[in-house]
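Reviewing the structure listed below.
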Amino acid sequence: MPAKLNTRRAVAALLIAGLLASPSGASFAQMGNMPMGKDAPKSAKSASGTGTVTALNAGGRKVTFDHGPIPEIDWPAMKMEFAVAPSVDLSKVKTGDKVRFTLSGSGDTYTVQSISPQ
């Protein structure tokens, strides 16, 4: 076998070995189960607000609020649809109700954790 081919194989083997090892001791295969990029966990925040229910989709577990500013997450007043946690009883509110609500999440993805009519 020519020496050039053996050298290429040796270099390739070293590169693969380098990819399979990491400074933390985790193998490349183990890292496949770690969330990265958009799936990486973000620091979740909680916030509360007040507003009016403008739409309700109990089957789809969605509610739309026309809400005031939410300073904890730097949001201005706006109208927005939210996913609703399974623990929230949506039968306690209806379209047009003025409510107080709590959210948890991060970025611009938040889930309603509680709703109570005012």
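Within the range 52-115, considering only strands (runs of 3 or more DSSP E) that don't extend past its boundaries, which have at least 2 residues that are on the phi > 0 side of the Ramachandran plot?
none
List the pairs whose first member sits in the range 64-84 and is in the same structural domain as Asp97 (by TED's automatic domain parsing), whose second member is aromatic (Phe, Trp, Tyr) and in a strand (DSSP E or B), and whose Cβ atoms are under 6 Å apart, counting only residues at least 6 apart or on separate chains?
Every condition considered, no pair remains.
The values are calculated or read from the model by the stated rules, or taken from the named source; none is laboratory data. Everything quoted here is computed from the prediction, not taken from an experiment. Every residue, glycine as well, gets a Cβ built from its backbone with ideal geometry; the counts of neighbours run over all protein chains shown.
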